[in-house]
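Shown next, in structure tokens, is the structure this report addresses.
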Amino acid sequence: MLMMLEGLALPHTTSLKGKPLVTSGNYSTRSHKSSFYRALVLLLIPLVQLKAYADPGSGALLWQIGGAFVLGSIYRTRRFLVKLFQWIRNRGD
């Protein structure tokens, strides 16, 4: 059985380096993983030219998301540090 990817044919029983794959029964784990990744790459490559439109409100939404991320990160970091210092202080008692 041959797998084809853009003109590249690989035998089902060998790896890219030509070494035989370790198989369990009739299935090869490495072969299935590499087939999955090849299929994923092919799905991510668009077959037609994509065209996008960003309305003026999109920029404001991105700024809002970025601001929320920064403020949320500051809050969570502060809470973590407060709890950490409380734990260190109470551990010595």
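Each reported figure results from applying straightforward, stated rules to the coordinates on display, with no laboratory input. Just so we're clear, the structure is a prediction, and the values are computed from it rather than from any experiment. Using ideal geometry, Cβ is built from the backbone for each residue, glycine included, and neighbour counts are taken over all protein chains shown.
When all alpha carbon pairs of the range 52-93 are counted in 5 Å bins from zero, the resulting P(r) reads 5, 20, 13, 13, 10, 9, 9, 6, 6, 4, 3, 1, 0 %.
Spin-label pair Leu62-Trp87: with each label point 7 Å from Cα along the Cα-Cβ axis, the two points sit 3.8 nm from one another.
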